[in-house]
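Notes follow once the structure below has been shown.
The values are calculated or read from the model by the stated rules, or taken from the named source; none is laboratory data. Model, not experiment: these values are computed from the prediction. Using ideal geometry, Cβ is built from the backbone for each residue, glycine included, and neighbour counts are taken over all protein chains shown. For the accessible areas, the whole protein counts, side chains as well, though only heavy atoms, and no ligand, DNA or RNA atoms are used. Shrake-Rupley method; radii C 1.70, N 1.55, O 1.52, S 1.80 Å.
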Amino acid sequence: MPGIDKLPIEETLEDSPQTRSLLGVFEEDATAISNYMNQLYQAMHRIYDAQNELSAATHLTSKLLKEYEKQRFPLGGDDEVMSSTLQQFSKVIDELSSCHAVLSTQLADAMMFPITQFKERDLKEILTLKEVFQIASNDHDAAINRYSRLSKKRENDKVKYEVTEDVYTSRKKQHQTMMHYFCALNTLQYKKKIALLEPLLGYMQAQISFFKMGSENLNDQLEEFLTNIGTSVQNKTGLVSSTWDRQFYFTQGGNLMSQARGDVAGGLAMDIDNCSVMAVDCEDRRYCFQITSFDGKKSSILQAESKKDHEEWICTINNISKQIYLSENPEEIAARVNQSALEAVTPSPSFQQRHESLRPAAQSRPLTARTSSSGSLGSESTNLAALSLDSLVAPDTPIQFDIISPVCEDQPGQAKAFGQGGRRTNPFGESGGGTKSETEDSILHQLFIVRFLGSMEVKSDDNPDVVYETMRQILAARAIHNIFRMTESHLLVTCDCLKLIDPQTQVTRLTFPLPSVVLYATHQENKRLFGFVLRTSGGRSESNLSSVCYIFESNNEGEKICDSVGLAKQIALHAELDRRASEKQKEIERVKEKQQKELSKQKQIEKDLEEQSRLIAASSRPNQASSEGQFVVLSSSQSEESDLGEEGKKRESEA
């Protein structure tokens, strides 16, 4: 019945058939609303129960991950990397569990409470009033029937009065009950919209709040952590579940193209610009070699048909990776690089071999021209760098992937090769032996979280390309040898030095004097990578210097760290200039003070000379000679006393 939005309460007294018919429509609508709201209540209650179960299960998962390091597996050793990784996962999952618990509470308050109130209060009230109205209507009909059966011939005033009173009472009761029932049905028409929208609004607000909490907890650092773990898992699983397909490969510029049998054209397989290539042993197959991209995230293992093809492929990809084909003399440079490319994978040298290799060579290699690594393929830019590969990093230079432990601080050879390290700081903040820390008076104190990737000796320290080439070689070597573990430290930047501090024990792992840091740069594309070159003495002679490049990974703070190092060097420079100016001023003051002392001394000498001349003049007066005819020369004080004595004697003689 369109156009009717409420029951007319004024029609309740007459109780006409039209009113009863309209009441039936409203009762049918109330029944439909009750059935629908019961189904919606069950669905929302399932959401609430599922959220509670998810919160409890997430909390249990976090608890089990924390207990992993306490487990004793018969075939599993102590894996610190796995334990630390699961501990990190447990922290993240625990935060998610807290977010799920908050979501459960919000769902209970904002979604379940309104719909429960509507179901238990309003809908149940309609059902109760309907039953009461039905009883009152039946009582009124029974009273009317009794009143209609009164005898006309045998009238009894008492019976008639009782029946009339019963009709009046039942009609009044029916009228009151019907008005309450009509009011409840009319109210239901207005409340059903609010009752439907309020729990939905609460559900959406709770979900939005949950997603906001998730976006705050799942930051870039966690995304980077998950990316690293995903890359590690992908590389590990790739070695186990690899598949071999026969395809045709060819190079096009700086790209490796692949084409399957029956394809019309080839497709891009990998960008081999600045990549690394090496011969590997894979699944007991011959003539295998591995190509790893610059960032180390993608690698492919290929198998050639013969030893000749195997060597040619390695040499060709290595030449393309080094951009030798863009240099002026590609044949000469390729001939020198190919032999080292074929032997790219060598066993890790011993410490003695590394120590010997860190000694500078007696003669430097001649420089040859090559293009800059930042230039695009096929470009004819005139700003191509004239540095060769050998002028940046010496061939077969060993890479140090670990930080030297502080327990090795009494080995001077290692400390000189990799910076001054091993100084322990008191974890309780007390200065041992009354000595003051070198960095306490520093103006700048900035702390960053970094992860050490590696270090290697370089042959040049005046071009940022040295840092870029070192990054490329260290990342490629890590990908080739499946080295994913990185030592996390706190990098403290001060005006005096750079310090690598153990975040747990507060032990200073390495100390880099700031004047020795001669070059620092951030990766051009990946701003998380940065490095610096440290110039140290490589031998006993002070004039024999060597340069070591250290590469680190930060939390998107590479540029900020380089800016901080630059600021520290500027502050140190200004402090040095101020110190020199202060020393110069002190020297000038010392000269002035010395001149003042000399002037005072000169004045004192002149004063003494004047006093002596006065005494000589006084002694030239006629005085009584001694019995032997000799004169006694007195000092100024003695002469004054003698003069006073003579005057006293003269006065006595006159008297």
Students often get this wrong, so check it: of Lys297/Lys527; Lys6/Lys172; Lys499/Lys586, which have C-alpha atoms separated by over 26 Å? Lys499/Lys586
For Lys603, counting only lysines whose alpha-carbon sits under 24 Å away and dropping same-chain residues fewer than eight positions off, the answer is Lys592, Lys594
How large is the accessible surface of Val81 in square angstrom, using a 1.4 angstrom probe and rounding to the nearest 10? 60 Å²
Counting every Cα pair in region 25-146, what percent are over 22 Å apart? 62 percent
For a quick protection proxy, order the peptides 197-210, 446-459 by their average other-Cβ count within 10 Å, most packed first. 446-459, 197-210
Could you let me know the centre-to-centre spacing of region 161-186 and region 572-602, using Cα atoms, in angstrom? 114 Å
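Hey, can you rank 181-191, 468-478 by average C-beta count inside 10 Å, highest first? Could the numbers behind the result be given before it?
Values: 181-191: 17.9, 468-478: 22.8.
Answer by packing, highest mean first, reads 468-478, 181-191.
Please go through region 487-552 and write out the trypsin sites (Lys or Arg not before Pro) that DSSP classes as loop and that have at most 11 other C-beta atoms within 10 Å.
Values: sites: Lys499, Arg509, Lys527, Arg528, Arg535, Arg540; in loops: Lys527, Arg528, Arg540.
Sites meeting the loop and neighbour criteria: Arg540.
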Candidate residues Leu609, Leu599, Leu615: accessible-area rank, largest first, probe 1.4 Å: Leu609, Leu599, Leu615
Compute the distance from the alpha-carbon center of region 75-122 to that of region 8-59, in whole Å. 32 Å
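Rolling a 1.4 Å sphere over the protein heavy atoms, what is the accessible area per residue of region 59-218, to the nearest Å²?
Counting only protein heavy atoms, the per-residue value for region 59-218 is 67 Å².
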So if we plug the beta-carbon distance of Gln88 and Asp5 into 1/(1 + (r/R0)^6) with R0 = 56 Å, what FRET efficiency do we get, rounded to 0.05? 0.40
Per residue solvent-accessible surface (Å²) - region 558-627, probe of 1.4 Å: 85 Å²
With a cap of 12 neighbouring Cβ atoms within 10 Å, and only residues DSSP puts in a loop, list the GluC sites (Glu not before Pro) found in region 31-84. Glu67
Please compute the modelled spin-label separation between Lys160 and Trp244, points set 7 Å along Cα→Cβ, answer in nm with one decimal. 11.8 nm
Just read off the accessible area of Ile561 with the full protein assembly in place, 1.4 Å probe, to the nearest 10 Å². 0 Å²
At a probe radius of 1.4 Å, what is the per-residue accessible area of Trp244, in Å² to the nearest 10? 80 Å²
